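Student: Structure incoming, see below.
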Amino acid sequence: MLTPQQEADLSRRIEAGLVADAVAAGMFAAAAGATPEELARLSAQGRAAFAELVERNLALVGFVVAPIARATGLDRDELAQEGRVGLVEAAWRFDPTRGSFASCAIPWIRMRAWDEAVTAHGSLGMPPRRARQWRRALAIRDALASGMARAPRLDEVAAQTGESEAVVRSLLAFRPACRLTPEHEEAVTAAEPREVAALDVSGMLARLSPIQRRILVLRHGLGGEEMLSTARIADVLRCSPSTVRRYEQAALTLLRGAGEGALAA
């Protein structure tokens with residue numbers, strides 16, 4: 001880990017690099033005698049200092065993420081990936097006059113990791129704040145049911161959550177999307193050919209955006225493609241696994257609606 005003096009030195013180099021970038025972009029005038037070469041050198045030093053500040057504090061991510069992974073049972077590597085996003089955000093906001101970098105970074109890392117955890121790596125299809133409300137409403141409902149030995153009324157749950165009955169009703173009515181199990185896949189395989197044909201898979205895929213379509217093709221091995229894991233698709237598309245999951249869940253939601261319409265017809 002870095003000493004306070006090293007953190008302060010890196011912070012000054014980062015700030016100097018940002019100022020040099022602003023001057024080079026014409027946002028304000030350079031100091032007398034500053035040459036383009038000097039500005040470029042300060043900019044490069046600032047980027048190097050930023051990278052060093054982040055890299056030398058990567059251990060903080062593991063420190064914060066480990067107990068969250070244990071508590072939730074979610075994938076530690078994927079939580080760590082989001083934690084690293086928080087680390088970078090903290091590096092941009094770090095002010096050495098207000099304390100150590102760790103004191104700045106840990107809340108940002110924890111926030112990002114918990115956002116990823118409460119949304120189950122994005123598979124819930126709702127923003128973190130809404131996911132927290134949903135989980136809290138479920139926990140309160142279950143606790144009341146346990147204490148009362150009966151199903152609590154909506155107004156009783158709302159009183160405990162501090163939310164309106166309308167909000168609590170919508171929260172409790174939410175059902176996460178479920179991935180097909182092997183039993184479901186066998187049922188689809190055993191279905192009558194005319195039922196499967198009615199789904200017109202190629203037509204439904206055409207409804208999706210290019211990235212949604214690409215993710216489904218790679219994730220489920222459509223069209224003879226190799227079936228890839230979420231992590232592998234993230235590497236191919238140069239994004240995070242949670243982003244892949246969000247696109248996949250959105251695509252599956254659209255396809256479910258299209259499939260239901262086709263079967264109804």
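The values are calculated or read from the model by the stated rules, or taken from the named source; none is laboratory data. A quick note: this is a predicted structure, and the numbers were derived from the prediction, not measured. Note: ideal-geometry Cβ built from the backbone for every residue, glycine included; neighbour counts use all protein chains shown.
Student: Taking the options ALA143, ALA105, name whichever one is assigned to a helix (DSSP H, G or I), of a type in the set (A, V, I, L, M, F, W, C) and modelled with pLDDT under 90.
Tutor: Working: ALA105 fails: modelled with pLDDT under 90.
Selected residue: ALA143, the only one of ALA143, ALA105 that is assigned to a helix (DSSP H, G or I), of a type in the set (A, V, I, L, M, F, W, C) and modelled with pLDDT under 90.
Student: Is there any pair with a first residue in segment 98-114 that is assigned by TED's automatic domain parsing to the domain that holds GLU82 and a second that is among the aromatic types (Phe, Trp, Tyr) whose Cβ atoms are under 6 Å apart and which are 6 or more apart or on different chains, and what are they?
Tutor: Short answer, once both residue conditions are applied: PHE101/PHE94; CYS104/PHE94.
Residue-wise test of (1) in contact with a helix residue (DSSP H, G or I) (Cβ under 6 Å, 6 or more places away or on another chain); (2) farther than 26 Å from THR119 by Cα; (3) polar (S, T, N, Q); (4) not in a helix (DSSP H, G or I).
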{"position": "ALA8", "(1), (2), (3), (4)": "yes, yes, no, no"}
{"position": "GLU15", "(1), (2), (3), (4)": "no, yes, no, no"}
{"position": "VAL19", "(1), (2), (3), (4)": "no, yes, no, no"}
{"position": "ARG41", "(1), (2), (3), (4)": "no, yes, no, no"}
{"position": "ALA49", "(1), (2), (3), (4)": "yes, yes, no, no"}
{"position": "ALA66", "(1), (2), (3), (4)": "no, no, no, no"}
{"position": "GLU78", "(1), (2), (3), (4)": "yes, no, no, no"}
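Student: While we're here: Condition check: part of a helix (DSSP H, G or I) and touching a residue at least 60 places away in the same chain (Cβ under 8 Å). Does GLU82 satisfy that? Before you say what the answer is, go through the steps one by one.
Tutor: Values: part of a helix (DSSP H, G or I): yes; touching a residue at least 60 places away in the same chain (Cβ under 8 Å): yes.
So GLU82 passes the test.
Student: Condition first: assigned to a helix (DSSP H, G or I) and aliphatic (A, V, I, L, M). Now tell me which residues in segment 148-169 satisfy that.
Tutor: Initial filter on segment 148-169 (assigned to a helix (DSSP H, G or I)): 148, 154-161, 165-169.
Passing the criteria: MET148, LEU154, VAL157, ALA158, ALA159, ALA166, VAL167, VAL168.
Student: Within the group ALA29, ALA25, ALA49, which residue is small (Gly, Ala, Ser) and within 18 Å of LEU87 (Cα to Cα)?
Tutor: On inspection, the qualifying residue turns out to be ALA49.
Student: Would a scan of segment 240-249 turn up a residue that is more than 23 Å from TRP114 (Cα to Cα) and either modelled with pLDDT under 80 or in a helix (DSSP H, G or I) (or both)?
Tutor: no
Student: Considering only segment 255-265, how many residues are surrounded by fewer than 17 Cβ atoms within 10 Å (Cβ to Cβ) and at pLDDT 70 or above?
Tutor: 0
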